[in-house]
Amino acid sequence: MEPVIEMRNISKVFPRVVANDKINISVAYGEIHTLLGENGAGKSTLMNILYGLYQPSEGEIYIKQKKAEITNPNAAIALGIGMVHQHFMLIPPMTVAENIVLGREPRKFGFLDLARAVERVEDISKRYGLQVDPKAKVEDISVGMQQRVEILKALYRGAEILILDEPTAVLTPQEISELFEIMRNLIKEGKSIIFITHKLKEIMAVSDRVTVIRRGRVVDTVRTGETNPQDLASKMVGRQVSFLVDKKIAAPGQKILKIKDLHALNSRKLPALKGISLEIRRGEIVGLAGVDGNGQTELVEVITGLRKAQSGKVMMLDRDITNFKPRKVITASISHIPEDRQARGLVLDFSIEENMVLETYYQDGFANGLILNHKQIERHARRLIREFDIRPTDEKALARSLSGGNQQKVIIAREVDRDPELLIAAQPTRGLDVGAIEFVHKRLVEQRDKGKAVFLVSLDLDEIMALSDRIAVIYEGQIVGTLLASEATEELLGLMMAGAAGGGSGKEGNQDGQP
């Protein structure tokens, strides 16, 4: 196959870290080429070099068999390269059309010609099957729709080569299916796509070839039809990986968390929780399944003190903690892995060691009055970095400099190490590779087996079904049913997630959330 891109002997060295080590990769015209690797393997660094955000320490890039000097993103765009980043680069108060044409606006008498901009966006969205509302504000549209806007931005600028960095990390299963259809349509239009992902099932569904990168080096490039998920996982992490969650049958004990007839509003002051009742006991993992936007976020925020309850109660070990401040919730022995690691989990411009003590810096051991014990904080961070395999292993590195998966590991390390009675895990494996997912799942099961309660909120049905002992399904702010995980099927949960009652408990009127 004739290559549209060749990256030859690309190396990138940061202080104390070799991110890319003499990487060779070739992408053919009209193919979906996947980059697969662990968190911190160097995939995003390599693509940031191709897009001109980084300069290689050594190596050469050829576009359409001509040597290219890609000194910045504008040079990449001029060569027909577009990149959709894992964390979107959109301006929320602006409209879809304004975001797409930003920097290349059609003008009339020197001013933005908004009508022409809308017309151009409509034309290009129809051509590629990327239906959007050009006049909608970005802050008012779904995450999946925002991703379409990012793809349209690249296409509007003439992209022939699209880099999609972890594009499914924040999408619902339905949005993922829609994205794959969009990708196939783009290939039919003659585009080439580089697809960065950790999700093996997605690779098998949509990819033509896969290049596996481990610790900055290419391990292998294979045709997708000639490999399988187990083989790819082994190449990615350098060992055999188990896809099964190894856990014994749960033995639930004392009630830890009891939620009673809980009502709350969303950010637009509309009802988000409409009489939620649920219980979680010692020694069990309760999974909350549902299509994104049905009240999961608001429920977690009410429990953790980030959102006010309008009515109802949150009881923790028979203590009423409704509308407690977040610090008081933490001292009530609740840990929280938030769904948005960058907005809620980390201070990005703090170091790893500082982020490790965000909730406990004032406690004995880490502080003496107003004076921080930096040596103890450093030792604490080094221990957690080692135990949770966080890369790089430099406790002084800024959280901002870590890959998304390693940022998530910092949060999980901090929250699990506090040894809480209740661990709330919201999207705990979002953006993680299979090796890290296996590790996180083991940690959650360990918490359960130590007699702790775990509340798992995930959009990944496979994860919900594999980890949970009981599953509650939420739809439009109500629990429509609960059932034992052993009774759950993907089809049954799908029906319940669409609003059909089912499961052992029947409708949400069941007050204790027990099957």
- prompt: Ranked from highest to lowest mean number of other Cβ atoms within 10 Å per residue, what is the order of the peptides 32-40, 375-383, 101-109?
  reply: 32-40, 375-383, 101-109
message: If you average the C-alpha positions of the range 461-490 and of the range 369-405 separately, how far apart do those two centres end up, in angstrom?
response: 35 Å
statement: Semi-axes in Å, largest first, for the range 25-133 (Cα gyration tensor, √(5λ)) are 31, 17, 15
- line: Most packed first (mean Cβ within 10 Å per residue), the peptides 336-343, 352-359, 226-233 order as 352-359, 336-343, 226-233
statement: In Å, the Kirkwood estimate of hydrodynamic radius for the range 239-318 over Cα pairs equals 14.4 Å
- prompt: With labels modelled as points extended 7 Å from the Cα through the Cβ direction, what inter-label distance (nm, one decimal) is found for residue 442 paired with residue 308?
  reply: 4.5 nm
field: Rounded to 5, percent antiparallel among DSSP beta bridges of the chain
entry: 55 percent
message: Taking the square root of 5 times each eigenvalue of the Cα gyration tensor, what semi-axes in Å does the equivalent ellipsoid of the range 3-237 have, largest first?
response: 31, 21, 16
- prompt: Once you put a point 7 Å from the Cα of residue 78 and another 7 Å from the Cα of residue 267, both along the Cβ direction, what distance in nm separates them?
  reply: 3.8 nm
Computed [θ] at 222 nm, deg cm²/dmol, the chain (DSSP H ≥ 4; -39,500 (n - 2.57); rounded to nearest 500): -9000 deg cm²/dmol
- prompt: If you take the alpha carbon radius of gyration of the range 183-288 and divide it by 2.2 N^0.38 Å, what ratio comes out, to two decimals?
  reply: 1.72
task: Check each of the trypsin sites (Lys or Arg not before Pro) in the range 194-265 and keep only those in coil by DSSP with at most 15 other C-beta atoms within 10 angstrom; list them in order.
output: 215, 239, 248
field: Interchain or long-range residues, amide H under 5 Å from residue 373's placed H
entry: 367, 368
task: Report, by chain and number, residues whose modeled amide H sits under 5 Å from the one on residue 287, excluding near sequence neighbours (fewer than 5 apart, same chain).
output: 456, 469, 470, 471, 472
field: Contour minus Cα-Cα distance for residue 240 and residue 315 (0.36 nm per residue)
entry: 22.8 nm
task: Between residue 249 and residue 215, take the C-beta separation as r, use R0 = 51 Å, and let me know the FRET efficiency to the nearest 0.05.
output: 0.85
message: Give me P(r) over the chain, computed from all C-alpha to C-alpha distances, binned every 10 Å, as integer percentages.
response: 4, 17, 27, 26, 18, 7, 1, 0
Above-threshold pairs, the threshold being 32 Å between Cα atoms, out of 308/396; 126/201; 64/235: 308/396
- request: For the range 35-80, report the translational diffusion coefficient in µm²/s to the nearest whole number, using Stokes-Einstein at 4 °C, 1.567 mPa s, and a Kirkwood Rh over Cα pairs.
  value: 115 µm²/s
Principal axis dimensions, the range 333-454 - Cα atoms, whole angstrom, descending: 37, 32, 25
task: Using per-residue counts of other Cβ atoms within 10 Å, averaged over each peptide, order 407-419, 5-17, 57-69 from highest down.
output: 407-419, 5-17, 57-69
field: Pairwise centroid distance, computed over Cα atoms, of the range 415-450 with the range 145-200, Å
entry: 30 Å
statement: residue 378 and residue 487 label points (each 7 Å along its Cα→Cβ direction) are spaced in nm at 5.6 nm
- prompt: Taking amide H positions as placed 1.01 Å from N in the peptide plane, with prolines and chain starts having none, which residues 5 or more places from residue 34, or on another chain, fall under 5 Å of its amide H?
  reply: 195, 208, 209, 210, 211
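Any read-out appearing in this document is the output of simple, stated calculations on the displayed coordinates, not a laboratory observation. Since the structure is predicted, the reported quantities are computational estimates derived from the model, not experimental observations. In this analysis, Cβ positions are derived from the backbone assuming ideal geometry, glycine residues included, and neighbour counts consider all displayed protein chains.
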